[in-house]
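Below: one structure, written as structure tokens.
The values are calculated or read from the model by the stated rules, or taken from the named source; none is laboratory data. Not measured: the values here are computed from a predicted model. Note that each Cβ is placed from the backbone with ideal geometry, even for glycine, and that neighbours are counted across all protein chains shown.
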Amino acid sequence: MGSEDRKLRLGRRGFLGAAASVLAAAGARADAPDPAITEVQEWARVLGDGVATRPYGKPSQFEKHVVRRDVEWLTASRESSVSFTPLHELDGIITPNGLCFERHHAGIAEIGPQKHRLMVHGLVERPMVFTMAELRRFPGRTNRIYFLECAANSGMEWRGAQLNGCQFTHGMVHNVMYTGLPLKALLDHCGVRTNGKWLLVEGGDASLMTRSIPLDKAMKDCMVAWAMNGEALRPEQGYPLRLLVPGWEGNMWIKWLRRIEIGDQPWHQREETSKYTDLLADGRARRFTWIMDAKSVVTSPSPQAPPAAKGPNVLSGLAWSGRGTIKRVDVTLDGGRNWRPARIDGPVLPLSLVRFYAEFDWSGQELLIQSRAIDETGYVQPTKGELRQVRGVNSIYHNNGIQTWLVRADGQTENVEIS
Ligand SMILES: Nc1nc2c(c(=O)[nH]1)N[C@H]1C(S)=C(S)[C@@H](COP(=O)(O)O)O[C@H]1N2
Ligand SMILES: [Mo]
């Protein structure tokens, strides 16, 4: 196609429909002079910083806005609060270490690996104390990618749309590749007695957080991990050692893990009775709600990442299930009148975030964007209305209802509820 011919065709977008919009998506016309391409740029006239002037690499100075954030009214004290993952700025499935949301009950403990110990005791044949060096010499080291979601994620949304941004409505989740040992290897080494049925796991920070975990789960897929995304755990994530409880609520993933006691019944500690349980409409509470049910969210467009322009756009989001693998994600642009399957891209792993995309053309009409996840058990992510029908409105925890974003004609995007 000659360049005159091309100009003509591009000039007649209206007639050419889809083909023209595909071309528009690819960039500006190369025959219109653009100083950003025709001029020698500032950074091309000078030498840049040399190697190892940045011994530990940081993101570009132009990415300073990509940070964890907290919500003022949720942060009475910084030592017992939460910061949120900037989901709207990320892509793929792995959360960068410095951007993983944090939830602390007594601040970040700073524990030297030389001084850290893990004790396994109670109903075992051989009670043991492990140093970090001993754990690193233990056979059976393994690498696994898992999501961690706080049971309180989306908790502020129980009674209606509240926080304007998926960072705040859904950012209590991260997805990391961990290195460590299957807990089973350590438990087998210590020899769990036949009457041993439960674990009490305890953290080494000032909150001495404790949770009860059934032995079956511990033996199935729990891990002790000392590395995340290839490097040592960050202090915020429990350096030097944390527990992984794949697919189950984040509170059970004890950080700074120092003690595992084997017993014959659950302990009913604070974090599994007064906290992390759901109060139903009739005043009773659900007991042992560990598994995080299937959930998804559109990360873009979203209030902090509105559509950049009319025309071709890429919708993107995340889905996960504590019951296994995500099988399908549907998206709608009209509040659920029409659904279509999104394109899942990248690794699809059980108990891990999956990334989905849906390309769409935006002509400037109002959009009501939603996504719904379906997992391998056939479970379909419920609407918030459906969730409230069975759970009432007293809950904070375990809100996996479908999220709605309203995109206004001017592009402004808001957290709304339509059912
Ligand atoms: N020792 C200890 N472990 C802990 C906590 C804590 O405060 N202390 N917070 C728990 C909660 S409520 C959650 S949601 C996760 C958060 O993990 P993260 O900070 O890596 O995101 O850690 C859990 N493990
Ligand atoms: Mo949590």
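Annotations
- A Cβ distance below 7 Å, combined with a sequence gap of six or more or placement on separate chains, defines the contacts here; from segment 76-90, residues that are over 13 Å from H170 (Cβ atoms) and of a type outside the set (D, E) reach residues that are within 13 Å of ligand 1 (Cβ to nearest atom) and in a loop (DSSP other than H, G, I, E, B) in the pairs S80/H105; S80/A106; S81/D70; S83/R68; S83/D70; S83/F101.
- Residues satisfying the stated conditions in segment 119-147, i.e. aliphatic (A, V, I, L, M) and in contact with a helix residue (DSSP H, G or I) (Cβ under 9 Å, 6 or more places away or on another chain): V120, V124, M128, L135
- Hey, E261 in the same structural domain as V224 (by TED's automatic domain parsing), in a strand (DSSP E or B) and either under 29 Å from E110 (Cα atoms) or at pLDDT below 95 (or both) or not: yes
- Within segment 253-270, if we keep just the residues that are touching a Phe, Trp or Tyr at 6+ places or on another chain (Cβ under 8 Å) and not β-branched (V, I, T), the residue that is nearest to ligand 1 (Cβ to nearest atom) turns out to be W256.
- Pair list, Cβ under 6 Å, 6 or more apart: segment 99-117 residue closer than 20 Å to H174 by Cα, other residue assigned to a strand (DSSP E or B): C100/H174; F101/S83; F101/F84; F101/H174; E102/S83; R103/V82
- Scanning segment 238-285 for residues that are touching a Gly at 6+ places or on another chain (Cβ under 6 Å), β-branched (V, I, T) and either in contact (Cβ under 8 Å) with a residue 60 or more places away in the chain or away from ligand 2 (no atom under 13 Å from the Cβ) (or both) yields one hit, I262.
- Residues within segment 95-110 that are near ligand 1 (Cβ under 7 Å from one of its atoms) and either more than 20 Å from the chain's Cα centre (by Cα) or surrounded by fewer than 17 Cβ atoms within 10 Å (Cβ to Cβ) (or both), tallied: 1
- Qualifying residue in segment 134-152 (condition: within 16 Å of ligand 1 (Cβ to nearest atom) and of a type in the set (F, W, Y)): yes
- Residue list for segment 111-155, filter: away from ligand 2 (no atom under 16 Å from the Cβ) and either under 23 Å from the mean Cα position of the chain (by Cα) or of a type in the set (D, E) (or both): E125, E134, T142, N143, R144, I145
- Boolean, V120 is surrounded by 14 or more Cβ atoms within 10 Å (Cβ to Cβ), assigned by TED's automatic domain parsing to the domain that holds A151 and over 30 Å from T299 (Cβ atoms): yes
- Selection status of T179, out of contact with any His (no Cβ under 9 Å at 6 or more places or on another chain), of a type in the set (V, I, T) and assigned to a loop (DSSP other than H, G, I, E, B): no
- For segment 33-74, a residue qualifies if it is β-branched (V, I, T) and either in the same structural domain as N164 (by TED's automatic domain parsing) or within 25 Å of the chain's Cα centre (by Cα) (or both), and the qualifying residues are V66, V67, V71.
- The set of residues from segment 339-391 being without any contact (Cβ under 8 Å) to a residue 12 or more places away in the chain and polar (S, T, N, Q) comprises just one member, Q389.
- Residues of segment 82-93 satisfying the condition of being assigned to a loop (DSSP other than H, G, I, E, B) and either within 13 Å of ligand 1 (Cβ to nearest atom) or under 18 Å from N153 (Cβ atoms) (or both): T85, P86, L90, I93
- Condition broken by A161, with the remaining ones in (1) buried (at least 20 other Cβ atoms within 10 Å of the Cβ); (2) in contact with a strand residue (DSSP E or B) (Cβ under 6 Å, 6 or more places away or on another chain); (3) aliphatic (A, V, I, L, M); (4) farther than 30 Å from F130 by Cα satisfied: (1)
- Residues that are farther than 30 Å from V331 by Cβ, crowded, with 18+ Cβ neighbours inside 10 Å and polar (S, T, N, Q) within segment 270-309 comprise just one, T277.
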